[in-house]
Amino acid sequence: MIRTRFAVHPTPVGDALLLHSDQGLLALDLLHEPFGAALERWARRLQAASEPDDEGFEPVIRWLDGYFTGERTPFADTLDWQLVHGFTRAALQAVADIPYGETASYGEVALHAGSPRASRAVGTACATTPFSLVVPVHRVVRADGSMGEYGGHPEVKRFLLDLEAETVAGE
């Protein structure tokens with residue numbers, strides 16, 4: 001059982017559920033379902049209910065707000081990777097290396113993660129990441145350069161890619 005705290009923070013692409021353990025940020029989940037359903041889903045996964053915490057997320061909230069205003073500040077909080085294992089973890093750590101405003105294909109990420117033939121597994125890792133935005137899975141695109149679905153919400157992916165492109169163009 002993992003002891004966790006949660007907060008919800010609004011973003012331009014919907015509310016973000018933030019979960020934190022004693023080891024660091026456990027999840028930043030952009031909500032596409034009612035808050036209660038998302039919290040229940042996480043409670044089942046964690047095998048424990050999370051406690052509300054309106055004050056303990058200040059660094060994450062500051063980073064999140066900055067991201068949406070075009071700041072390129074590196075994420076400074078510690079990530080708690082205990083729910084991410086095997087190739088999924090390797091793939092997400094490779095995704096974390098994609099520079100702001102740039103993209104990489106699923107195949108390029110698979111190669112960087114040490115399994116060049118695992119592009120579909122990269123897609124699964126991106127779809128199941130607990131660290132939306134912090135691990136920028138929105139920067140992973142198809143081999144032909146098209147966006148892909150982003151968990152069934154391509155409009156969110158387009159918004160994020162456009163935000164980063166505008167920020168880079170304005171520098």
Task: Scan of segment 15-33 for residues that are over 20 Å from VAL84 (Cβ atoms) and modelled with pLDDT of 95 or more, ordered by number - done: ASP15
Task: Residue pairs meeting the criteria (Cβ under 7 Å; at least 6 apart or on separate chains; first touching a residue at least 24 places away in the same chain (Cβ under 8 Å) and of a type in the set (Val, Ile, Thr), in segment 135-161; second open to solvent by 50 Å² or more (accessible area, probe 1.4 Å) and part of a helix (DSSP H, G or I)) - done: VAL140/TYR106
Open item on the list: If I filter segment 26-33 for residues that are assigned to a loop (DSSP other than H, G, I, E, B), among the acidic types (Asp, Glu), under 21 Å from LEU160 (Cβ atoms) and within 14 Å of the chain's Cα centre (by Cα), do I get at least one hit?
Closed with: no
Open item on the list: List pairs: first residue in segment 16-32 and on the phi > 0 side of the Ramachandran plot, second residue open to solvent by 10 Å² or more (accessible area, probe 1.4 Å) and among the aliphatic types (A, V, I, L, M) anywhere in the structure, Cβ distance under 7 angstrom, at least six positions apart or on different chains.
Closed with: GLY24/LEU79
Open item on the list: Just to be sure I understand the filter: pairs with C-beta atoms under 6 Å, separated by 6 or more residues or on different chains, first member in segment 109-126 and closer than 15 Å to VAL137 by Cβ, second member not in a helix (DSSP H, G or I). Which pairs pass?
Closed with: VAL109/VAL140; ALA110/PRO116; ALA110/ALA118; CYS126/VAL140
Open item on the list: If ARG41 satisfies all but one of (1) open to solvent by 40 Å² or more (accessible area, probe 1.4 Å); (2) part of a loop (DSSP other than H, G, I, E, B), what's the number of the condition it fails?
Closed with: (2)
Open item on the list: Could you tell me how many of the residues in segment 126-135 are touching a helix residue (DSSP H, G or I) at 6+ places or on another chain (Cβ under 7 Å), within 16 Å of MET147 (Cα to Cα) and of a type in the set (A, V, I, L, M)?
Closed with: 1
- [ ] List every residue pair whose Cβ atoms lie under 6 Å apart, where the two residues are 6 or more positions apart in sequence or sit on different chains, the first residue falls within segment 43-65 and is of a type in the set (Phe, Trp, Tyr), and the second residue, located anywhere, is open to solvent by less than 80 Å² (accessible area, probe 1.4 Å) and not in a helix (DSSP H, G or I).
- [x] PHE57/ALA7; PHE57/LEU18; TRP63/PHE75
Task: Residues satisfying the stated conditions in segment 66-94, i.e. touching a residue at least 40 places away in the same chain (Cβ under 8 Å) and within 19 Å of LEU30 (Cβ to Cβ) - done: TYR67, PHE68, GLY70, PHE75, ASP77, LEU79, ASP80, LEU83, VAL84, THR88, LEU92
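The values are calculated or read from the model by the stated rules, or taken from the named source; none is laboratory data. Keep in mind that what you see is a predicted model, and the values were worked out from it rather than measured. Quick reminder, even Gly has a Cβ in these numbers, built from the backbone with ideal geometry, and neighbours come from all protein chains shown. Surface accessibility is based on the protein's heavy atoms, side chains included, excluding ligands, DNA and RNA. Shrake-Rupley method; radii C 1.70, N 1.55, O 1.52, S 1.80 Å.
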